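Asker: My structure is below; once you've seen it, I'll send some questions.
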Amino acid sequence: MSPVVRCSFFRVVLVALLLVALLQLLYLSLLSSLHGRQQQRSAYPVPVGTAHQEPRWQVEQRERLKDVLSSGGILDASGQYRIYRPLVAHEEGNWARRDVALASHASLSNMGHLQDLVERWEGRISFALFSANTAQTKLATLLVYALARLCQPVRQRVSFHLVCQSGDMATFPELEDRGEFARLRTCQSVFAKAVSMGAHSVNYAGNVSYPNNLLRNVARAGIGNVEFSLVVDIDMVPSERLRADFLALAAGGVERQVVFVVPAFEIRHTRRLPSNKEELLRLYQVGEVRAFYEELCPRCQAPTNYSRWINLSEKESSARLGVAYIVEWRDPWEPFYIGGAEVPAYDERFKQYGFNRISQACEMNMAGFSFAVLDSAFLLHKGHKLPGDFHSQKEVENRRNRQLFRGFKEELKIRYPNAQRHC
């Protein structure tokens with residue numbers, strides 16, 4: 001064989017080997033891509049009719065969510081916010097009308113607190129979630145979808161409602177848009193993701209006003225045909241058995257113009273949450289628990305009369321939940337309470353910080369409601385509230401809402417011309 005022929009032969013062999021190597025690399029790349037897609041599909045529903053059938057409830061849940069999102073939601077009275085209600089509804093279940101539902105709200109950064117509420121409150125929860133921009137709206141939809149799919153207690157008992165800016169349109173999260181949510185496998189991993197989303201954030205900070213009273217109204221309306229509701233912020237946890245104990249109290253009959261005040265406290269972050277009044281009082285005595293807003297606005301909770309509540313005698317505080325005493329509303333009291341459908345709505349003009357709950361309590365007073373303090377139930381805010389914890393515009397917002405509140409009180413005089421009370 002001539003040198004020329006040998007050279008040509010080796011060139012052909014070399015080219016062939018290179019071609020085989022390239023084909024192998026292409027094959028491995030395709031295998032890797034296919035494996036990644038299979039992992040994503042295992043985390044989220046696969047299309048109906050494929051070899052790996054998903055449970056019927058997942059199919060129905062996904063289709064309901066698509067229907068809600070495709071509707072475009074509704075605008076609030078101001079036209080500034082878009083509401084998807086419900087974004088995801090809890091399972092029907094065998095729920096009675098005579099019940100207490102918990103209504104709460106939060107921005108995306110505070111969603112990590114939802115786990116404690118779900119673990120402590122054994123009844124239904126109606127939750128209004130606020131997103132401030134298009135990116136948050138996408139994340140909010142992803143998070144709610146993951147919670148409903150992977151957390152059975154959430155799926156069974158929590159209804160979610162989404163409130164976003166009117167210009168934002170929520171859409172169903174397609175597979176390629178789900179990112180790290182597609183890798184979540186357990187309920188705990190979803191809650192861990194929710195906690196991480198809120199790291200280093202400051203509540204109410206940002207360029208978009210947080211519509212807390214609108215969110216409260218959306219959550220209250222979302223409880224459905226339930227006789228009583230308890231409206232709380234997401235970082236507040238009720239005492240154990242509050243729902244069951246109150247229903248036992250209500251079984252004896254309650255007046256419609258009465259709301260039942262649940263005293264609120266603050267507890268250090270490092271402490272385990274007490275479940276009953278005895279545990280709460282032990283922590284109170286050593287300074288780990290204190291009255292809600294004790295440092296920031298003592299007058300805002302003073303009518304609750306914490307000293308009297310803490311020192312109730314055994315005769316005044318029985319083994320069963322009861323009413324300890326009746327108090328009169330005084331400006332600027334903003335109690336947390338269990339109330340019926342007759343309770344006035346929150347005024348949605350109040351946003352950000354200041355007078356949002358005070359204004360509603362003021363109207364209840366003029367409308368003739370009585371305030372009955374429960375003897376052993378309580379709420380816990382996780383962490384002591386400190387002046388430095390707030391965003392920089394808090395005082396500006398407080399002054400603006402104070403002006404709004406003055407006008408609101410004048411409106412109440414027209415709305416309740418025969419009222420015997422004032423605020």
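Asker: Order the peptides 63-71, 273-281 from the highest to the lowest mean number of other Cβ atoms within 10 Å of their residues.
Answerer: Result, highest mean first: 273-281, 63-71.
Asker: Which order, highest average first, do 160-168, 403-411 follow once you tally other Cβ atoms within 10 Å for each residue and take the mean per peptide?
Answerer: Going from most to least packed, we get 160-168, 403-411.
Asker: On to the next question. Explain nothing, just the number: relative contact order of the stretch 264-384, from Cα pairs under 8 Å at least 6 residues apart, as a whole percent. Please list the in-between numbers first.
Answerer: Working: 147 pairs, mean separation 48.2, N = 121.
It rounds to 40 percent for the stretch 264-384.
Asker: Now a separate question. In Å², and per residue, what accessible area does the stretch 48-177 have when probed at 1.4 Å with the other protein chains present?
Answerer: 43 Å²
Asker: Separate question: By average Cβ neighbour count within 10 Å, what is the ranking of 256-269, 213-226, 184-197 from highest down? Numbers along the way, then the final one.
Answerer: Numbers: 256-269: 19.3, 213-226: 22.2, 184-197: 16.9.
Result, highest mean Cβ count within 10 Å first: 213-226, 256-269, 184-197.
Asker: For each pair in 66/351; 351/382; 382/413; 138/382; 138/409; 66/394, compute the distance between the two Cα atoms and list the pairs where it is over 32 Å.
Answerer: Over 32 Å Cα-Cα: 382/413; 138/409; 66/394.
Asker: Near residue 167, within a Cβ-to-Cβ distance under 15 Å, what is the net charge of the other residues, with Lys and Arg +1 and Asp and Glu -1?
Answerer: Counting the neighbours of residue 167, the net charge comes to 0.
Asker: Right, another one. Along the charge dipole of the stretch 144-273, Cβ charges K/R +1 and D/E -1, which of 148, 218, 170 sits furthest on the positive end?
Answerer: Checked the options; the winner is 148.
Asker: Accessible area per residue, 1.4 Å probe, Å², for the stretch 278-387: what's the number?
Answerer: Ligands and nucleic acids excluded, the figure is 41 Å² per residue.
Asker: A follow-up question, please. Just going by the charge dipole of the stretch 266-423, with Lys and Arg at +1 and Asp and Glu at -1 on Cβ, which of 393, 361, 379 is farthest out on the positive end?
Answerer: Toward the positive end, the furthest listed residue is 393.
Asker: Okay, next question. If N is the number of residues in the stretch 331-406, what value comes out of its Cα radius of gyration divided by 2.2 N^0.38 Å?
Answerer: That works out to 1.25 for the stretch 331-406.
Asker: Enumerate the calculated ³J(HN,Hα) couplings along the stretch 334-351 in order (Karplus 6.51 cos²θ - 1.76 cosθ + 1.60, θ = phi - 60°), each rounded to whole Hz, writing x wherever the residue is Gly or Pro.
Answerer: 9, x, 9, 7, 9, x, x, 5, 6, 5, x, 5, 6, 6, 7, 6, 7, 10
The values are calculated or read from the model by the stated rules, or taken from the named source; none is laboratory data. Given the structure is predicted, the values throughout are model-derived calculations rather than measurements. Every residue, glycine among them, receives a Cβ derived from its backbone with ideal geometry; neighbour counts consider all protein chains shown. Surface areas here come from the heavy atoms of the whole protein model, side chains and all, with no ligands, DNA or RNA. Shrake-Rupley method; radii C 1.70, N 1.55, O 1.52, S 1.80 Å.
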